[in-house]
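Heads up: the structure comes next, in structure tokens.
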Amino acid sequence: MINKLLKQLAKHLDSFLLACLLITMLVGLFILYSASGQSFERIFSQCINIIVALALMWGAANISPHKLQRMAMPLYAVGVFLLIAVALFGSVSHGARRWLNLGVMQIQPSEIMRIAMPMMLAYYFSRQASKPKLTDFAIGGLLLVVPVLLIMKQPDLGTAILVAASGFYVLFLAGLSWKWLVGGLVTFAAFTPILWPLLHDYQRRRIEILLDPTQDPLGAGYHTIQAIIALGSGGFAGKGWLNGTQAQLDFLPERTTDFIFAVFGEEFGLLGILLLLGVFSLIIMRGLVIASQAQSTFSRLLAGSITLTFFTYVFVNMGMVSGILPVVGVPLPLISYGGTSMVTILLSFGILMSIQTHKTLVAR
């Protein structure tokens, strides 16, 4: 009886993908314990985040791709409406207007767009009867640009990058020509001198610090310098769990969230980093396999975007911690402390599992 119940509950869960996710989150709890100064309270809080996120992942996995497709447009419309509401009535905290107070709770609408954006674009391109034309990509680009600009206005560059990436991957997988991609990059580079003054002061400062963090070693460059020291001091095998001096002696800022990868690198070294990258690679490869086996255009585009956006999460976080990208506030997925990121990521993987386990044909 119990075995039958468990099989029914796990019917729409991809066992290989779930195992990789659980291993990564377990590693995250171990490194969070060290990064938080052996705080059981922080571990308990993260465990609650994981349980809630897993429950939502299971719920998403049990929604068929056909129903997800019907939800795409309403979810996108609600997300854009809430972003506009944030711009007009949102709560200001630490100089940013990102939250919307609903009385009983506060929500961050930009997080909705991480899922709504790829769903909407996948829905739009799945409705095209023939190969998408240039006008289709132009409309898709407009659907992408509007919420991204609203998120950047908050300002929240990290989330804007992830939302933009999730939409761009759908455009790319839908058949956007390399000529337009290269042309877009060249145009962006040409307009850089014009765009530079439009950036916020702190955003320009981040780019300047990327080029030379030592110009402000105790200010804007402090995070990057301390993270690089932590990664370098880990060597090949690391200093050992709980023995990282940069974290334990409180030199490394934001060590439980955005810079937890530096703690991991110092304590487990290059060997640990390679093993972690191996698990991340397995997750990404499994996602790409699911995308390649998807039975509809909507499912293929959505699965591909979810997988490649997860890759972007990993690349951007590791890049900013190692000093090759600006600090933009992107957590290390499944490792960093925080409920919002955990819920968003596992919801996405729940959708990925739904695409894999629901084997009925979905209408274009």
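The values are calculated or read from the model by the stated rules, or taken from the named source; none is laboratory data. Here the structure is a predicted model, which means the values were calculated and not measured. Please note: Cβ atoms are built from the backbone with ideal geometry, for glycine as well, and neighbour counts cover all protein chains shown.
Restricting attention to region 291-303 and to residues that are crowded, with 24+ Cβ neighbours inside 10 Å and out of contact with any Lys or Arg (no Cβ under 9 Å at 6 or more places or on another chain), the residue that is farthest from ARG255 (Cα to Cα) turns out to be SER299.
None of LEU325, LEU352, LEU271, LEU347 is farther than 30 Å from GLY235 by Cα, of a type outside the set (Ser, Thr, Tyr) and surrounded by fewer than 22 Cβ atoms within 10 Å (Cβ to Cβ) except LEU347. Here GLN38 meets each of (1) modelled with pLDDT under 95; (2) part of a helix (DSSP H, G or I) with one exception, condition (2). For region 304-323, the set of residues classified as under 18 Å from LEU252 (Cβ atoms) and at pLDDT 90 or above consists of ASN317, MET318, GLY319, MET320, VAL321, SER322, listed by residue number. With the structure loaded, tell me whether ILE23 is in a helix (DSSP H, G or I), farther than 24 Å from GLY59 by Cα and β-branched (Val, Ile, Thr) or whether it fails that test. Judged against the criteria, ILE23 is not a match. Applying the selection to region 262-305, what residues are of a type in the set (A, V, I, L, M, F, W, C), closer than 17 Å to HIS66 by Cα and assigned to a helix (DSSP H, G or I)? Scanning region 262-305 gives ILE290, ALA291, PHE298, LEU301, LEU302, ALA303. Given the structure, is ALA164 modelled with pLDDT of 80 or more and buried (at least 18 other Cβ atoms within 10 Å of the Cβ)? Considered against the rule, which asks whether it is modelled with pLDDT of 80 or more and buried (at least 18 other Cβ atoms within 10 Å of the Cβ), ALA164 comes out as yes. I'd like to know if region 96-119 contains one or more residues that are in contact with a Lys or Arg (Cβ under 6 Å, 6 or more places away or on another chain), touching a residue at least 40 places away in the same chain (Cβ under 8 Å) and under 15 Å from GLY339 (Cα atoms). Checked against the condition, which is being in contact with a Lys or Arg (Cβ under 6 Å, 6 or more places away or on another chain), touching a residue at least 40 places away in the same chain (Cβ under 8 Å) and under 15 Å from GLY339 (Cα atoms), region 96-119 yields at least one hit.
The set of residues in region 51-67 being buried (at least 21 other Cβ atoms within 10 Å of the Cβ) and under 28 Å from SER336 (Cα atoms) consists of ALA53, MET57, ALA61.
Which of the residues that make up region 278-305 are free of Cβ contacts under 8 Å to residues at least 12 places away in the same chain and of a type in the set (A, V, I, L, M, F, W, C)? Passing the criteria: MET285, VAL289. From the list GLY232, GLY240, GLY265, GLY278, the one residue that fits, being within 22 Å of LEU210 (Cα to Cα) and surrounded by fewer than 15 Cβ atoms within 10 Å (Cβ to Cβ), is GLY232.
Scan region 28-69 for residues that are over 18 Å from the mean Cα position of the chain (by Cα) and more than 21 Å from ALA116 (Cα to Cα) and the total you get is 20.
Does region 97-110 contain any residue that is buried (at least 22 other Cβ atoms within 10 Å of the Cβ), touching a Leu at 6+ places or on another chain (Cβ under 8 Å) and not in a loop (DSSP other than H, G, I, E, B)? Within region 97-110, one or more residues are buried (at least 22 other Cβ atoms within 10 Å of the Cβ), touching a Leu at 6+ places or on another chain (Cβ under 8 Å) and not in a loop (DSSP other than H, G, I, E, B).
Looking across region 187-228, the residues that are of a type in the set (A, V, I, L, M), buried (at least 16 other Cβ atoms within 10 Å of the Cβ) and assigned to a helix (DSSP H, G or I) come down to ILE209, LEU210, ILE225, ALA227, ILE228. The set of residues from region 229-261 being touching a residue at least 40 places away in the same chain (Cβ under 8 Å), not in a loop (DSSP other than H, G, I, E, B) and not aliphatic (A, V, I, L, M) comprises GLN248, PHE261. Taking ALA87, is it more than 14 Å from PRO147 (Cα to Cα), among the small types (Gly, Ala, Ser), in contact (Cβ under 8 Å) with a residue 40 or more places away in the chain and surrounded by 12 or more Cβ atoms within 10 Å (Cβ to Cβ)? Spelling it out, it is not the case that ALA87 is more than 14 Å from PRO147 (Cα to Cα), among the small types (Gly, Ala, Ser), in contact (Cβ under 8 Å) with a residue 40 or more places away in the chain and surrounded by 12 or more Cβ atoms within 10 Å (Cβ to Cβ). Counting only residues that are free of Cβ contacts under 8 Å to residues at least 24 places away in the same chain and either closer than 22 Å to SER39 by Cα or of a type in the set (Lys, Arg) (or both), region 199-228 holds 2 of them. Residue under question is ALA87, and the condition is that it be at pLDDT below 90, of a type in the set (A, V, I, L, M) and assigned to a loop (DSSP other than H, G, I, E, B); does it hold? Answer is no for this residue. Among the residues making up region 310-340, those that are within 14 Å of THR224 (Cα to Cα) and part of a helix (DSSP H, G or I) are VAL316, ASN317, MET318, GLY319, MET320, VAL321.
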